[in-house]
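To keep things clear, I will list the structure first and then write my remarks on it.
The values are calculated or read from the model by the stated rules, or taken from the named source; none is laboratory data. Because the structure is a prediction, the values reported are computed rather than measured. Quick reminder, even Gly has a Cβ in these numbers, built from the backbone with ideal geometry, and neighbours come from all protein chains shown. Ligands, DNA and RNA are stripped out before the accessible areas are found, and what is left, the full protein with its side chains, is counted by its heavy atoms. Shrake-Rupley method; radii C 1.70, N 1.55, O 1.52, S 1.80 Å.
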Amino acid sequence: MSSESLIADSIRRDLPAIVARWREERGETAGDVRWEALAAGMEELVVAFTEFLCSPEPVETFSRGGATRALVGRIARYQRGLGRDAVGVIEDFMVLRRCVWRSVERRVDLGRLGGGEVARFFVKLMQASDWVTEKGLEAFDALVQEEMEQELGRAQATDLVTGLPDRDLFHRVLLPRAIAGHERLSLAVFDVADFTETVARGRVDDARRILYRLSETVREEAPEGAVCARFGDDEISALLPGVGAETAYQMAERVLRRLAAEHGSFEVDVGVAEYPAHASGPGDLVSETLRALGTAKRLGGSGIVVARQ
């Protein structure tokens, strides 16, 4: 048996102890599933190292068909889930390297191996450790960047007055996703009467307060699973997955009754349409809802109109 195979075999036999020492040094929280996932990833990493140790390939080409890089990516997610920072990522891999070295030092009679064989093992251990640390940090940094971009996107796509998703997110993502994921749904659009006139008269704060009250009432009255968004300057929309126009109409009635009882100083008109009863896709559904809303506004007096079939 070659020295590489001898050392690799020793590492594999001592794998549970190596991982246990790593857990202990890294201060594992017992029973934490995130820790269990990270420890399992580290165990896979040690097994991959034993394969590299017996391989003639250099670290740059030893890919295992991309499996090693994928494993490092999974480990980065576990580390991120545990709240690691970049220093913590580096320490995870440094401690693992130290645990592997101590296992070999304790279990293998290195004195009986030639100096060149021991040096080759140590070089491969350092190469593997450096590669994993570098790729691990790259994957970790990419995760952090992705999370930052997602948070920024959510902040940019949130209406500042109502705290709801804005109209762009509604049209571009929320509505198409809802239609793709449900065989039936309804859309209700609530429009504040005289909103533009209120703003034009300089009562901007009043207009914002009215819109916020409407958004809160719609959100509270909408059934579980509904998606609310700011539809336009003076409009709040509610996507109601799995329900028909009649249920949407009843929800709209509840909203108007509450607004009249609690804030009787403004009127709201509502248009309702159902997919696929009234429309074949996102664009048609919006058009039919707005057509119904236009009719409600012409009637006046906080009316609710359902699209015609």
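Quick look at the numbers
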{"item": "Region 53-67 - phi-based ³J(HN,Hα) in whole Hz, Karplus 6.51/-1.76/1.60, Gly and Pro as x", "result": "4, 8, 8, x, 6, x, 5, 5, 10, 7, 10, 6, x, x, 5"}
{"item": "Projected area averaged over orientations for the chain, convex hull of C-alpha atoms, nm²", "result": "22.3"}
{"item": "With Cα atoms, 0 to 90° folded angle of helix 282-299 axis to the chain main axis", "result": "30"}
{"item": "Whole-number Å³ per residue for the convex hull built on Cα positions in region 218-281", "result": "90"}
{"item": "Largest-first principal axis extents of the Cα set of region 167-306 (Å)", "result": "43, 28, 27"}
{"item": "Length gained when the stretch GLU24-PHE122 is fully extended (0.36 nm per residue, less Cα-Cα span)", "result": "32.9 nm"}
{"item": "Alpha carbon convex hull of region 33-143, projected area averaged over orientations, nm²", "result": "7.1"}
{"item": "Solvent-accessible area per residue for the chain (1.4 angstrom probe, square angstrom)", "result": "51"}
{"item": "Helical mean residue ellipticity (222 nm; -39500 (n - 2.57) per DSSP H run of 4+; nearest 500) of the chain", "result": "-20500 deg cm²/dmol"}
{"item": "Degrees between helix 15-25 axis and first principal axis of the chain (Cα, 0 to 90, nearest 10)", "result": "60"}
{"item": "Between helix 245-262 and the chain: long-axis angle, C-alpha atoms, 0 to 90°, nearest 10", "result": "70"}
{"item": "Region 167-306: relative contact order in percent, alpha carbon pairs under 8 Å with at least 6 residues between", "result": "31"}
{"item": "FRET efficiency, 1/(1 + (r/R0)^6) with R0 45 Å, evaluated for ARG184 and GLU44 via beta carbons", "result": "0.50"}
{"item": "Within the chain: Cβ-based charge dipole about Cα centre, in debye rounded to nearest 20 (Lys, Arg +1; Asp, Glu -1)", "result": "520"}
{"item": "Positive-end residue of ALA39, PHE122, VAL243, charge dipole of the chain with Cβ unit charges", "result": "PHE122"}
{"item": "Solvent-accessible area, 1.4 Å probe, carbon plus sulfur percent, for the chain", "result": "51"}
